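Notes for the one structure printed next.
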Amino acid sequence: MGKARKQYHILVSNDDGIDAPGIYALVNELKKLGAVTVVAPDKQRSAVGHAITMNYPLRVSKFYKNGNFFGYAVEGTPADSVKIAVRTVLPQKPDILISGVNHGSNTAINIIYSGTVSAATEGTVLGIPSIAISLTTYDKPDFRVAAKFARSLAELVLEKGLPEDTLLNVNVPPVKAKEIRGVRITRQGKTRWDDTFDIRRDPNDKEYFWLTGKLEIVDSSEETDQIAVMNNYISITPIHFDMTNYAMIPKINRWRLNRLMKH
């Protein structure tokens, strides 16, 4: 008889909320790979970045889907969900964490705002190999291709491993599997949001502001995540949470900053 495959334990989270269709598609695929535990925000928490809850209680409740237990809903952020999963909910650290499948792109500048990426970042901080995966559309999403790719990639990561400070940020174009041209290892692209605020009035005639805007592509290199996805490639960007600009350190050293202390 052949050697039995190890039973992996997979932690799943997201920022779209535990009832989002993307996480449901992902869990269905990952169950083919191992045991899955879902610990995710109880509602939509997109664009909260790596926020954590410190001044309010965190409540965790069991969540059921179609009458069956699905996972644990956390009244907090994606980072909260991963932190409380590893420190409280789970009896031991999982083998891998997958965050997603996110509804919308998490390329370029969006990475710093993304709760999806932040859930994976928190996993990395806690010493867990982690992947964030997003489907780059809001229009009639079909999460099946992204979910299947996440399972295949997770299996490879479990075999090969990741550096302790690095996660994989994956973005999948919103096309059929046969239309995907391949996989590209990319770097984070450079974009910026041209933000505007619509001024509106509520039913009580009180003024409020609604954020809108458009994304401007600054770097159109084929090596970037944004362009890869636009060209129907799956983008995989290895990222880490060390934000130090190492090239700037010797330059600032030449400023002779100690002179400032003499004034």
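Readers should treat all values here as calculations from the given coordinates under stated rules, not as data from a laboratory. Remember, predicted model here, so these are calculated numbers, not experimental data. A quick note on method: Cβ atoms are made from the backbone with ideal geometry, for glycine too, and the neighbour counts reach across all protein chains shown.
Data overview
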read-out	value
Expected 222 nm ellipticity per residue - DSSP helices of 4 or more, -39500 (n - 2.57), all of the chain, to 500	-6500 deg cm²/dmol
Residues ARG254, ARG200 arranged by fewest to most Cβ contacts within 10 Å	ARG254, ARG200
Nearest-20 debye value, segment 162-263 charge dipole, Cβ charges on Lys, Arg, Asp, Glu	540 debye
Across LYS148/LYS178; LYS32/LYS83; LYS31/LYS148; LYS32/LYS140; LYS6/LYS83; LYS190/LYS251, pairs whose alpha-carbon gap is larger than 18 Å	LYS32/LYS83; LYS32/LYS140; LYS6/LYS83; LYS190/LYS251
Net lengthening on full extension, TYR8/LEU260 (0.36 nm per residue, minus Cα-Cα)	85.2 nm
Potential lengthening between THR244 and PHE209 on full extension [0.36 nm per residue; Cα-Cα distance subtracted]	9.2 nm
Alpha-carbon centroid distance for the pair segment 72-124 / segment 193-263, whole angstrom	21 Å
The chain: DSSP helices with Cα axial extent of at least 18 Å and average Kyte-Doolittle hydropathy no lower than -0.5	144-160
Using θ = phi - 60° and Karplus 6.51 cos²θ - 1.76 cosθ + 1.60, couplings along segment 163-178 (whole Hz; Gly, Pro as x)	x, 4, 9, 10, 10, 10, 9, 10, 10, 10, x, x, 10, 5, 4, 5
Assigned charges on the beta-carbon of Lys, Arg, Asp, Glu; segment 1-121 dipole about Cα centre (debye)	520 debye
Protection-proxy order for peptides 150-162, 106-118, 57-69, 131-143, each taking the mean of Cβ atoms within 10 Å per residue, highest first	106-118, 131-143, 150-162, 57-69
Residues with amide H under 5 Å from that of TYR8, placed H, sequence gap 5 or more	ALA35
Zone of LYS178's modelled label, taken as backbone nitrogen in segment 207-239 under 19 Å from a point 7 Å along Cα→Cβ	232-234
Simple Cβ-charge dipole of segment 69-208, Lys/Arg +1 and Asp/Glu -1, about Cα centre, in debye nearest 20	580 debye
Listed residues GLY104, LEU260, PHE143: farthest to the positive end of the dipole of the chain (Cβ charges)	LEU260
For GLY17, residues with placed amide H under 5 Å, excluding near neighbours	ARG45
The chain: radius of gyration over Cα atoms, expressed as a fraction of 2.2 N^0.38 Å	1.11
